[in-house]
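Visitor: Take this structure, written in structure tokens, and hold onto it; I'll ask about it next.
The values are calculated or read from the model by the stated rules, or taken from the named source; none is laboratory data. All values derive from a computational prediction rather than experimental measurement. Counting neighbours? That spans all protein chains shown, and the Cβs are built from the backbone with ideal geometry, glycine included. Please note that ligands, DNA and RNA were not included when accessible areas were found on the heavy atoms of the full protein model with its side chains. Shrake-Rupley method; radii C 1.70, N 1.55, O 1.52, S 1.80 Å.
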Amino acid sequence: MRSEPRSPGRPATALAHPRPVVRGLLAPAALCLALAAPLTAVAPTASAVAVPPFASPAAAPAQGGEARLTWGVVPAAEDGADARVSIRAELEPGAEHRDFVEVTNFSERPVTFALTASDGVVVETGEFDLLPESEEPVGSGAWITIDDELALEAGGSAVVPFTLRVPDDALPGDHPGGIAVSVRTAGEDEQGNEIALDARVGVRVHLRVAGEVAPAVEIADLSASYRHSWNPFRPGTVEVSWTVANTGNVRLGSVQSVAVTGPFGIGTDAAGGPVAEQREVLPGQHSREESFTAEAWPLGRLTAEVVGEQSAVGEDVVEAALREAHAEVRFLAVPWAHLGLLAALSLLGGGWWWRRRTRRRRLAAALTAARAEGAA
């Protein structure tokens, strides 16, 4: 299998994260020397605080002024790290695959690492990650057998074997997963509350079970609304949102475009090409919510159409037709400002007409009275 292009990696740095919401992040490609994910700090009685799921490579000191913990993990052969950036395997149901990862302790003191395997997910940021530790894997993460712990001296490294055995009843297609290497320690927050610290990095596992490949995606959760401008000489705003659901059995990348039209296909300014960069969508999962905003005139009944174009991700090979996903939704854009302006103009015009009509009637009455007086 071909590997995806390698991007420069840097050692992972342990950051302080509490046990209640422990969750690590795997980088999108292979996580060679990936960064530890920033997790949410929670005191025993505090509320969770949302933070971005990606950390900068800055070093973080350990608790108590100890030297920072820094480590990395890469795919390997039996004799050491190789050129791969991820583990790739295509296996028949019931088959077994043996492979290796190399773990390196860049720290200045001995460290005992925890090794775990889990299923892959794509998180809200669009990055690849593994299930939280509180969730049991049911896919490829449950099919990987690897040692639970690894103790390394300062500056030491070790090649760790693992076995991936596909169940006899495994369904064809992609089963994303990964192997995480983490460090768990105890510490205190600024208020002196005890917290559990957990940071992890890992290697992504691309597993494809042999069989019929069925790529398919749908545009889901499509909604559209119109926000009026009360200036009748300015267009309003169309807001469209949707997600992409992978209903097939292989991972795909999807790019969507949006067009908004009025009655009888009358075009508006709210039309264009791709509205977002390609997003990876794993089988059985949804992408994060996408949105589109543009100006449009209120033409009454508008239609928002979203078209998703699919493609293979990275070096994946999908030997099946990739079809566009299509969905549309109709919504009202009543021209209230224009109707109000029309009503105001109608009132002004009606008043002018009434005054003119009244003036003519008075003038006619005066002329009639003058003629009658002259005749008398």
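Visitor: Within the range 287-309, identify whether any single residue is outside any strand (DSSP E or B), at pLDDT 90 or above, open to solvent by 20 Å² or more (accessible area, probe 1.4 Å) and of a type in the set (A, V, I, L, M, F, W, C), and answer yes or no.
Guide: No, because not a single residue in the range 287-309 is outside any strand (DSSP E or B), at pLDDT 90 or above, open to solvent by 20 Å² or more (accessible area, probe 1.4 Å) and of a type in the set (A, V, I, L, M, F, W, C).
Visitor: Also: With the structure loaded, tell me whether PRO215 is in contact with a Pro (Cβ under 9 Å, 6 or more places away or on another chain), surrounded by 15 or more Cβ atoms within 10 Å (Cβ to Cβ) and part of a loop (DSSP other than H, G, I, E, B) or whether it fails that test.
Guide: Spelling it out, it is not the case that PRO215 is in contact with a Pro (Cβ under 9 Å, 6 or more places away or on another chain), surrounded by 15 or more Cβ atoms within 10 Å (Cβ to Cβ) and part of a loop (DSSP other than H, G, I, E, B).
Visitor: Next question. Since GLU239 meets every condition but one in (1) touching a Ser or Thr at 6+ places or on another chain (Cβ under 9 Å); (2) without any contact (Cβ under 8 Å) to a residue 12 or more places away in the chain; (3) charged (D, E, K, R), which condition does it not meet?
Guide: Result: GLU239 fails condition (2) only.
Visitor: Cβ contacts < 7 Å: first residue more than 14 Å from ASP99 (Cα to Cα), restricted to the range 139-154; second residue open to solvent by less than 90 Å² (accessible area, probe 1.4 Å) and among the basic types (Lys, Arg), any location; separation 6+ or different chain. Result?
Guide: Listed by first residue and then by second, the contacts come to ALA154/ARG109.
Visitor: Looking at the range 312-323, can you tell me whether even one residue there is in a strand (DSSP E or B) and either open to solvent by less than 40 Å² (accessible area, probe 1.4 Å) or not β-branched (Val, Ile, Thr) (or both)?
Guide: So far as the range 312-323 goes, no, none of its residues is in a strand (DSSP E or B) and either open to solvent by less than 40 Å² (accessible area, probe 1.4 Å) or not β-branched (Val, Ile, Thr) (or both).
Visitor: Please enumerate the residues belonging to the range 71-100 that are of a type outside the set (Ser, Thr, Tyr) and assigned to a loop (DSSP other than H, G, I, E, B).
Guide: GLU78, ASP79, ASP82, ALA83, ARG84, VAL85, GLU92, PRO93, GLY94, ALA95, listed by residue number.
Visitor: Please determine whether any residue of the range 103-110 is under 22 Å from VAL250 (Cα atoms), in contact (Cβ under 8 Å) with a residue 12 or more places away in the chain and either in contact with a His (Cβ under 9 Å, 6 or more places away or on another chain) or surrounded by 14 or more Cβ atoms within 10 Å (Cβ to Cβ) (or both).
Guide: No, there is no match, as no residue in the range 103-110 is under 22 Å from VAL250 (Cα atoms), in contact (Cβ under 8 Å) with a residue 12 or more places away in the chain and either in contact with a His (Cβ under 9 Å, 6 or more places away or on another chain) or surrounded by 14 or more Cβ atoms within 10 Å (Cβ to Cβ) (or both).
Visitor: Output the residues belonging to the range 181-200 that are of a type outside the set (Asp, Glu), open to solvent by less than 20 Å² (accessible area, probe 1.4 Å), at pLDDT below 90 and touching a Gly at 6+ places or on another chain (Cβ under 9 Å).
Guide: Listed by number, the residues that qualify are GLY187, LEU197, ALA199, ARG200.
Visitor: Sticking with this one: Here's a check for you: in the range 228-255, which residue that is small (Gly, Ala, Ser) and part of a loop (DSSP other than H, G, I, E, B) is nearest to the chain's Cα centre (by Cα)?
Guide: GLY248
Visitor: Mind telling me which of the residues THR104, THR125 ends up being assigned to a strand (DSSP E or B), of a type outside the set (Lys, Arg) and either modelled with pLDDT under 95 or within 20 Å of ALA199 (Cβ to Cβ) (or both)?
Guide: Step by step, each of THR104, THR125 is checked, and only THR104 is assigned to a strand (DSSP E or B), of a type outside the set (Lys, Arg) and either modelled with pLDDT under 95 or within 20 Å of ALA199 (Cβ to Cβ) (or both).
Visitor: Scan the range 152-180 for residues that are polar (S, T, N, Q) and surrounded by 16 or more Cβ atoms within 10 Å (Cβ to Cβ) and jot them down.
Guide: Correct list: SER157 only.
Visitor: Also, I was wondering about something else. So how many residues does the range 75-102 have that are within 28 Å of ARG184 (Cα to Cα) and surrounded by 14 or more Cβ atoms within 10 Å (Cβ to Cβ)?
Guide: So the answer is 12.
Visitor: On to the next question. In this structure, does LEU131 turn out to be under 22 Å from the mean Cα position of the chain (by Cα) and either open to solvent by 70 Å² or more (accessible area, probe 1.4 Å) or hydrophobic (A, V, I, L, M, F, W, C) (or both)?
Guide: Considered against the rule, which asks whether it is under 22 Å from the mean Cα position of the chain (by Cα) and either open to solvent by 70 Å² or more (accessible area, probe 1.4 Å) or hydrophobic (A, V, I, L, M, F, W, C) (or both), LEU131 comes out as yes.
Visitor: Pairs please, first residue from the range 219-234 and at negative phi and modelled with pLDDT of 90 or more, second anywhere and part of a strand (DSSP E or B) and exposed (fewer than 14 other Cβ atoms within 10 Å of the Cβ), Cβ atoms under 8 Å, 6+ apart in sequence or on different chains.
Guide: Pairs found: ILE219/HIS326; TYR226/LEU332.
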